[in-house]
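Remarks on the structure that follows.
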Amino acid sequence: MVPPKPAVLVTRRMPSAVLAQLDAVGEIDLHTEPDDLTHEALCARLRGKQGIICVFTDRIDAAVIAAGDQLRVIATVAVGFDNIDVTAAATRGIVVTNTPNVLTGATAELTWALILAVTRRLGEGERVIRRGAWSGWTFDFMLGTELRGKQLGIIGAGRIGRAVAAVAPAFGMRAVFAARPGGDVSGPETAAAVLPLDQLLLSSDVVSLHVPMRAETRHLIDRRALARMKRSAFLINTSRGPVVDEAALVWALEERLIAGAGLDVYEREPRVHEGLLSRENVCLVPHLGSATRETRATMADLAARNVVAVLCGRPAITPVRLPTGGRSQTAGVRRKQEGFASIRRTSGDTES
Ligand code: GLV
């Protein structure tokens, strides 16, 4: 008798070429609505499934994982996997995969788009024109900040941080990376440009965040960090919202402790802090880091190939490794207080 095909839950509409790959090896249960499946629905629909393709807004916690009684692979269409209880998955022998590398370019591009938008006041200028408030060119109207000769401080020296740094010379900027205590940012391209976090904050004109979301990176940018930044500096976040304490950021903007911010991610998406919405010197975009047609198609394809590999008994292409050390939350908070989150690289860091 031919064994039944394994079933795979796909929580979002995906390109048909991607679904065709899955169809060749399994039965697809496709969630076609734009809204996330509720926690309850996720649990119910995972029963009997051997694989799931999900996105970062799906909360794959221990209860969901336990509901997947036949589950063998969880493939997230994202580089960050902070929405998945990877320890619970590992305990049950379930492979977790993500989509590193393929979104590095798109996310680095969006980071530069935000740097340029906020330093040259593009959102503000657009709003002036659209509300009919532009009365013509004047010599000192809407002056921005030039990038040439300035310092770009990058926190998180993973793939995306390095890709952002690589562009800096084209704008005449010097890129520096934040150092970890007891360790360097390795790689020849960064060897000459590593500063302790506090020094990076004190001396950079633009600070850009590219760390994965972990206990030790939650609120890495808090009041203390913001108070160290130059009054003329800008903060850019394309990593994960909770890396920045949003209330502290609003405070810093109100107190004019920094010059502005460019944000792609928020603490409580899709909600955005009122204090950010009302500020002209903040450029806000709705979590678009990897949102190009090309990149999303490649991400979905990689997720599907991961599922097919595992269901066919082959090793996953881009498996997530458990964050090394399995450190406790308390240890993470202590490290943050010591001055910098010791960001270890795993294959799946948002690295962002
Ligand atoms: C998106 O935020 C991702 O982690 O890929």
Check: So which of 106, 117, 78 is surrounded by 20 or more Cβ atoms within 10 Å (Cβ to Cβ), more than 16 Å from the ligand (Cβ to nearest atom) and at pLDDT 95 or above?
Finding: 117
Margin query: Taking the condition of being within 14 Å of the ligand (Cβ to nearest atom) and either modelled with pLDDT under 95 or buried (at least 22 other Cβ atoms within 10 Å of the Cβ) (or both), how many residues in region 87-101 meet it?
Written below: 5
Next item on the list: Being touching a residue at least 24 places away in the same chain (Cβ under 8 Å) and either buried (at least 24 other Cβ atoms within 10 Å of the Cβ) or in contact with a His (Cβ under 6 Å, 6 or more places away or on another chain) (or both) is the filter here, so list the residues in region 66-75 that pass it.
Entry: 68, 71, 73, 75
Notebook entry, point to check: Which one of these does residue 290 not meet: (1) crowded, with 18+ Cβ neighbours inside 10 Å; (2) in a helix (DSSP H, G or I)?
Noted result: (2)
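Suppose the filter is under 22 Å from the mean Cα position of the chain (by Cα), more than 21 Å from residue 93 (Cβ to Cβ) and either surrounded by fewer than 18 Cβ atoms within 10 Å (Cβ to Cβ) or not assigned by TED's automatic domain parsing to the domain that holds residue 303 (or both); does residue 55 pass it?
Answer is yes for this residue.
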Next item on the list: Inspect region 65-72 for any residue being of a type in the set (S, T, N, Q), touching a Ser or Thr at 6+ places or on another chain (Cβ under 8 Å) and either within 16 Å of the ligand (Cβ to nearest atom) or over 30 Å from residue 145 (Cα atoms) (or both) and give the result as yes or no.
Entry: no
Notebook entry, point to check: Are there any pairs, at least 6 apart or on different chains, whose C-beta atoms fall under 9 Å, with the first in region 193-212 and assigned to a helix (DSSP H, G or I) and the second polar (S, T, N, Q), and if so, which?
Noted result: 200/151; 203/151
Checklist line | Residue tally, condition in a helix (DSSP H, G or I) and free of Cβ contacts under 8 Å to residues at least 60 places away in the same chain, over region 79-103 | finding: 3
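The values are calculated or read from the model by the stated rules, or taken from the named source; none is laboratory data. In this text the structure is predicted, and so the values were computed from the model without any measurement. All Cβ positions, glycine included, derive from the backbone under ideal geometry; neighbour counts span all protein chains shown.
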